[in-house]
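First the structure, in the form of structure tokens, and then the observations on it.
What follows is calculated from the coordinates using simple rules that are stated; it is not laboratory data. From a predicted model like this one, the values you see are computed outputs, not experimental measurements.
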Amino acid sequence: MENQDFLSWFIPLVFILAVWEAVWKMIAMWKSARKDQLAWFICIGIFNTVGILPIVYLLIQRKKS
């Protein structure tokens, strides 16, 4: 029974985090590709950081624009 309780909240949490990561990753990869920033594009594409790296990139690039 304990296992079922764990899965009842864990599976939705993983799904929500995966969607969160995908959205931020797509936005950041799109912007880095448009600005010809290959290093950022590769790093964002390779590392899964639950959206942290893409958000950092977007914040850094927003201040430079």
- Taking segment 2-64 and dividing mean pair separation by its residue count, relative contact order in percent (alpha carbons under 8 Å, at least six apart): 35
- Using a/c under 1.5 as the rounded threshold, could you call the chain rounded, prolate or oblate? The axes a ≥ b ≥ c are square roots of the C-alpha gyration tensor eigenvalues, and prolate needs a/b larger than b/c, oblate otherwise. prolate
